[in-house]
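The next block holds one structure in the form of structure tokens; read it before the comments.
The values are calculated or read from the model by the stated rules, or taken from the named source; none is laboratory data. The structure displayed is predicted, hence computed values, not measured ones. Quick reminder, even Gly has a Cβ in these numbers, built from the backbone with ideal geometry, and neighbours come from all protein chains shown. Just so you know, the surface numbers come from the protein's heavy atoms only, side chains and all, with ligands and any DNA or RNA stripped out. Shrake-Rupley method; radii C 1.70, N 1.55, O 1.52, S 1.80 Å.
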Amino acid sequence: MPSQETPAIILSVRDYGEADRLVTFLTPVRGRLTGIAKHARRSKKRFAHCLEPLSRVTLFLSDRAKGELEFLEKGESVRSFPSLRRDLARLGAGALLAELAGEMASPPEATADLFAALETALTLLEEGAPPDSLLPGFLLHLVKLGGYGLSLDRCQKCGLEPQPPLVVNLPRGGVLCGACGRGAPGPLVAVNPGAWKLLRLAQGLPPEKLSRLRFPPEQRRQSLTLLRLFIRHHLGRDLKSWTFWDKVVKGDLTRSH
Ligand SMILES: [Zn+2]
């Protein structure tokens, strides 16, 4: 009998043994979990359209959890985001945000907000919001929910409106005037005033309004570089999904697939 029903967003799925699948998913209460879907490769019925990364589903977990692993009894699809899947840039942005939300929700803190933010991002991408403008704002929002907010309003040293050339101190997560940053322990990353303004605006908006912002190419490039380095600094490694995003940006992947 199913004993525990939970909303979930599927983060990754891989084959496990002869017949099973190993599923990692985000939940609003318990954060990121991994479980075994027994016989999921043979019997599609219990998990019909459920075990695709980025799907919003309802999972039924057995209380016969095995060590760190949950047992997935069955699943029901809630939303599969078909339009998002048909576009590689939207898929790439969704994959990055899902991976980051999973990292920020482990250990589980602020998981309900992380879950809601990721679901909002996937919904906006599904509805056609431009992925490259959506990505910086949501990355920023997710790291903030994970406890690594960037302090962008005032220079961390002089306390005034920061004066260009601007730099961001990665360990302390704050902006500095170029002059104030001289000699500061780094690493420091340069950011142009346009990108700084957009990121500051993004940080002040609720997630459902982030699709209103448009990041022009240079601002987007700088914002994503900064966020990528900031996330790498805190996780100790890059998010894996950047590999796919880089290919999308370079146009290595064809638009039809
Ligand atoms: Zn300053």
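Quick look at the values:
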{"item": "Cα centroid of segment 24-83 to Cα centroid of segment 97-133, whole Å", "result": "18 Å"}
{"item": "Relative contact order (%) - segment 133-257, alpha-carbon pairs under 8 angstrom, separation at least six", "result": "25 percent"}
{"item": "Residue-averaged [θ]222 nm for the chain, counting only DSSP H segments that reach four residues, each worth -39500 (n - 2.57)", "result": "-11500 deg cm²/dmol"}
{"item": "Where GluC sites (Glu not before Pro) in DSSP loops with at most 14 other Cβ within 10 Å are excluded, longest remaining stretch of the chain", "result": "128-257"}
{"item": "Heavy-atom surface of segment 1-51, accessible at 1.4 Å and reported per residue (Å²)", "result": "56 Å²"}
{"item": "The chain - percent relative contact order, Cα under 8 Å, separation 6 or more", "result": "16 percent"}
{"item": "Mean Kyte hydropathy of 0.5 or more with a Cα span along the axis of at least 18 Å, helices from DSSP in the chain", "result": "88-104, 111-126, 131-145"}
{"item": "Cα gyration tensor shape of segment 175-245, rounded if a/c is under 1.5, else prolate or oblate by comparing a/b with b/c", "result": "oblate"}
{"item": "Estimated vicinal HN-Hα couplings, Hz - segment 43-58 in sequence order (Karplus 6.51, -1.76, 1.60; Gly, Pro = x)", "result": "9, 7, 5, 6, 10, 4, 6, 10, 9, 10, x, 6, 6, 8, 9, 10"}
{"item": "Additional length obtainable on full extension of the chain from K247 to A179, 0.36 nm per residue less Cα span", "result": "20.8 nm"}
{"item": "At most 12 other Cβ within 10 Å, DSSP loop - trypsin sites (Lys or Arg not before Pro), segment 176-255", "result": "R182, R214, R237, K240, R255"}
{"item": "Relative contact order (percent, whole number), segment 35-162, Cα cutoff 8 Å, 6+ residue spacing", "result": "20 percent"}
{"item": "Long-range amide H partners of S151 with built H, under 5 Å", "result": "G174, V175"}
{"item": "Set of aspartates and glutamates with alpha-carbon distance to K240 below 16 Å, sequence-local pairs under 8 removed", "result": "E99, E103"}
{"item": "Within the chain: Cβ-based charge dipole about Cα centre, in debye rounded to nearest 20 (Lys, Arg +1; Asp, Glu -1)", "result": "420 debye"}
